[in-house]
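Each remark here refers to the structure printed beneath this line.
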Amino acid sequence: MPKIKVHDKIFRLMIPENKLFGAIDAVASRLNDCYNDGGVPPMLLCVLNGALPFTAELMRRLDFDCQLQSIKVSSYEGIQSTGHLTTILGPTADVTGQRIIICEDLVDTGITIRQLKKMLLEMGAKDVRVCSMLFKPGKLRGQLVKEGLIPADATDAQIQPYMPDFYGMEIGDEFIVGFGLDYNELGRGYPDIYVLDE
């Protein structure tokens, strides 16, 4: 099985590019069903830098017109989430009255998307939905329990409001790189996704 080295860590192949493309095809199909309605074209808000490859591939598959804007935030230091969102850049356009689709590479704790949604709605966005290439449901559940937002024995229905509206595939609580995902800013350029080989 192919392995790569990024900084001081070894990663092994987890999701090949063709499987990622299949997941992006499925996400695009669901978005086309929702937004090909003749209404005001939505705004794709790419969360830099990780979601660049996902957003680019997704746009190629959409059947509706859309704006493309970006925002740069951070909640990671090394391989750990800090739990705090820092806005570094953007959003790069006025969001007032816009239907926004936040494009994320990965949703895990849900902290980033909750804070982003709140911020965009406060800035006047009409509607905000989240589209993610990957989703870690176990990590999200753990964070929601930790914050006291759901009970430890919460049902799927209680977690649903915190989940991304659209996502390509679910994964476990592994640390991954490739296809936009990084370890201290390296590893983003690999076409496949690799998992930490411990």
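The values are calculated or read from the model by the stated rules, or taken from the named source; none is laboratory data. Values in this document were obtained by computation on a predicted structure and should not be read as measured data. Note that each Cβ is placed from the backbone with ideal geometry, even for glycine, and that neighbours are counted across all protein chains shown. The area values use the complete protein model at the heavy-atom level, side chains included, leaving out ligands, DNA and RNA. Shrake-Rupley method; radii C 1.70, N 1.55, O 1.52, S 1.80 Å.
Quick notes on this one:
- Restricting attention to region 135-169, the residues being among the β-branched types (V, I, T), out of contact with any Pro (no Cβ under 9 Å at 6 or more places or on another chain) and part of a helix (DSSP H, G or I) number 0.
- Residue-level check: of (1) crowded, with 19+ Cβ neighbours inside 10 Å; (2) assigned to a loop (DSSP other than H, G, I, E, B), T112 misses just (2).
- Within region 32-60, residues that are free of Cβ contacts under 8 Å to residues at least 40 places away in the same chain have Cβ atoms under 8 Å from residues that are open to solvent by 30 Å² or more (accessible area, probe 1.4 Å) and assigned to a helix (DSSP H, G or I) in these pairs: E57/F21, counting only partners at least 6 apart in sequence or on another chain.
- Region 161-198: number of residues that are acidic (D, E), more than 15 Å from I10 (Cα to Cα) and touching a Gly at 6+ places or on another chain (Cβ under 6 Å): 1
- Boolean, G172 is assigned to a loop (DSSP other than H, G, I, E, B), free of Cβ contacts under 8 Å to residues at least 12 places away in the same chain, out of contact with any Asp or Glu (no Cβ under 7 Å at 6 or more places or on another chain) and loosely packed, with under 13 Cβ neighbours inside 10 Å: no
- Of residues in region 69-99 being modelled with pLDDT of 90 or more and over 28 Å from Y190 (Cα atoms), the one least open to solvent (accessible area, probe 1.4 Å): V95
- Region 11-51, subset of a type in the set (A, V, I, L, M) and part of a helix (DSSP H, G or I), residue surrounded by the fewest Cβ atoms within 10 Å (Cβ to Cβ): A26
- Among (1) open to solvent by 10 Å² or more (accessible area, probe 1.4 Å); (2) more than 24 Å from Q69 (Cα to Cα) - the single one Y162 does not satisfy: (2)
- Breaking point among (1) under 18 Å from I102 (Cβ atoms); (2) among the polar types (S, T, N, Q); (3) in a helix (DSSP H, G or I), for S132: (3)
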